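Since the structure comes first, as structure tokens, the remarks are kept for the end.
Derivation of every value follows stated rules applied to the coordinates shown; laboratory data play no part. Quick caveat: nothing in here was measured; it's all calculated off a predicted structure. Positions of Cβ are backbone-derived with ideal geometry, glycine not excepted, and every protein chain shown enters the neighbour counts.
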Amino acid sequence: MKNKKIKPSPAAPYSKAHEKYLKKLANDKIFVICFQILILVAIIGLWELFAATSVVDPFFVSSPSRVFNMFISMVQDGSIWQHIGITLLETLVGFVIATLGGTLIAILLWWNRRLRKILEPYIVVINSLPKIALGPIIILWVGSGMSAIITMCVLICIVLTTISMLNAFISCDTDKIQLMKSMHANKFQIFWKLILPNATNEFISVLKINVGMSWVGTIMGEYLSSSAGLGYLIVYGSQIFNIDLVMTSTVLLCLLAAAMYFAICMLEKWHKR
């Protein structure tokens, strides 16, 4: 009798219940996206309608068509790209410095418990301090312009990053730490193999928070000391009562912040694979 080759059986198909569940998840995702787009379209449409019918005064709120025309005129003269580039550079530099610096400080405080107990009240006080009040001091210390703006951005983000990451490090399961100690793992091995992986989700959350906070810090800094950037355009537009310029700069800020946030979301999806 000839030996027959046994072919591997194909992968078992999903059960009907599982297929129904996956379909429900896909439909829910489509529904959420469609509803988000619908809300955005409704806001823009109502804004344009109210401005066109003088329900609200366009002098104070502008309109989507006027914002678009202002953007096109600034694109044509090339001025908008300089302002976008400067604000984006300031935000990204402040974002990176604050995120990395806050994480390193959190690692140091986790590593040395005595130092953590000494500095903890000062961190709380610094976090509660309104950073805008430090504006004049920052200008005296680091000078005006981009350096002051980046410093403001870092000050707003770094304390929050430190507190969030430190809490993530401390909240690691103590039983797992004791287990690694019983296996003669040193402190670096415990941190690298257990504490740091356990805090990855919190780190992603910190990145999402810092996206918004870094833009806030940058615009606050540009309010205080700047000669270019989207924050500068908002201040300049309000001074000359050009609401179209103010709203155009504000819309661009929203788009840039959204793009940065979606980039972090893509990083999160990549991490979860």
Qualifying residue in region 149-167 (condition: closer than 30 Å to ILE80 by Cα and outside any helix (DSSP H, G or I)): no
Residue that is polar (S, T, N, Q) and assigned to a helix (DSSP H, G or I), where the choices are SER238, SER227: SER238
Residue selected from region 161-204 under the condition surrounded by 15 or more Cβ atoms within 10 Å (Cβ to Cβ) and among the small types (Gly, Ala, Ser), by the criterion nearest to GLY101 (Cα to Cα): SER164
Count of region 70-96 residues which are over 23 Å from SER226 (Cα atoms) and either crowded, with 20+ Cβ neighbours inside 10 Å or touching a helix residue (DSSP H, G or I) at 6+ places or on another chain (Cβ under 8 Å) (or both): 0
Members of region 64-112 found to be under 19 Å from the mean Cα position of the chain (by Cα) and of a type in the set (Val, Ile, Thr), listed by number: ILE84, ILE86, THR87, THR91, VAL93, VAL96, ILE97, THR99, THR103
Filter result for VAL67 (surrounded by 14 or more Cβ atoms within 10 Å (Cβ to Cβ) and in a helix (DSSP H, G or I)): yes
Any hit, region 265-273, residues being among the basic types (Lys, Arg) and under 10 Å from the mean Cα position of the chain (by Cα): no
Top-ranked residue in region 241-251 [being assigned to a helix (DSSP H, G or I) and out of contact with any Lys or Arg (no Cβ under 9 Å at 6 or more places or on another chain); ranked as surrounded by the most Cβ atoms within 10 Å (Cβ to Cβ)]: SER249
